[in-house]
Each structure stands twice: as structure tokens, then as C-alpha cells.
Amino acid sequence: MGAPRVTPEEIVKMLRLYARLGNYAEVGRQMGRSGSTVAKYVQMKGVPQSIRIAVQNLSQQNQ
């Protein structure tokens, strides 16, 4: 069994941590995820449109 799915809330946290730390591996360590997972979601590569929209909505709500 693999790691649990990444939630939109986690992605928002990844984006904030990455903006502060500037390092995928460090964000991954702090969140219990791999650096490559963090990079995928920070860059939004291959992320479904529905997840992108959810992350955008959460980001706007938390501002």
C-alpha cells in the first residue's frame, strides 16, 4: 500500500512552505512526503484540473 493521496489542503501548505524555504526536499521532510512529490505539486505537473481549481479556491479563501 502506498502513501495516502495528497489533498488540496496539503498542496496549499506545500506551496506556502516552498515559497518560504525554496527547497523541495526540505518541504518534503517537513510534510512527510518525498521531494519529488512536492516538486510535482508545486509545479502542478500532471495535476488534474479539478485539483488545480480546488487549490486555487483554497488559496484565495486563506488570504
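The values are calculated or read from the model by the stated rules, or taken from the named source; none is laboratory data. For clarity, every value in this text was computed on a predicted model and none was experimentally measured. Neighbour counts are summed over all protein chains in view; Cβ atoms, including those assigned to glycine, are modelled from backbone coordinates with ideal geometry. For accessibility, only protein heavy atoms count, side chains too; no ligands or nucleic acids. Shrake-Rupley method; radii C 1.70, N 1.55, O 1.52, S 1.80 Å.
Listing for the model above:
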{"read-out": "Residue check for ALA39: among the hydrophobic types (A, V, I, L, M, F, W, C), within 13 Å of the chain's Cα centre (by Cα), at pLDDT 95 or above and assigned to a helix (DSSP H, G or I)", "value": "yes"}
{"read-out": "Any hit, the range 12-23, residues being modelled with pLDDT under 95 and part of a loop (DSSP other than H, G, I, E, B)", "value": "no"}
{"read-out": "Residue tally, condition within 8 Å of the chain's Cα centre (by Cα) and more than 15 Å from VAL55 (Cα to Cα), over the range 2-36", "value": "0"}
{"read-out": "First in the range 1-15 and touching a residue at least 40 places away in the same chain (Cβ under 8 Å) and of a type in the set (A, V, I, L, M, F, W, C), second anywhere and open to solvent by 50 Å² or more (accessible area, probe 1.4 Å) and assigned to a loop (DSSP other than H, G, I, E, B), Cβ under 8 Å, 6 or more apart", "value": "VAL12/ASN62"}
{"read-out": "Test result for SER59, surrounded by 13 or more Cβ atoms within 10 Å (Cβ to Cβ), outside any loop (DSSP other than H, G, I, E, B) and among the polar types (S, T, N, Q)", "value": "yes"}
{"read-out": "All positions within the range 10-41 that are open to solvent by 30 Å² or more (accessible area, probe 1.4 Å) and β-branched (Val, Ile, Thr)", "value": "THR37"}
{"read-out": "Subset of the range 42-55 [open to solvent by 50 Å² or more (accessible area, probe 1.4 Å) and modelled with pLDDT of 95 or more]", "value": "GLN43"}
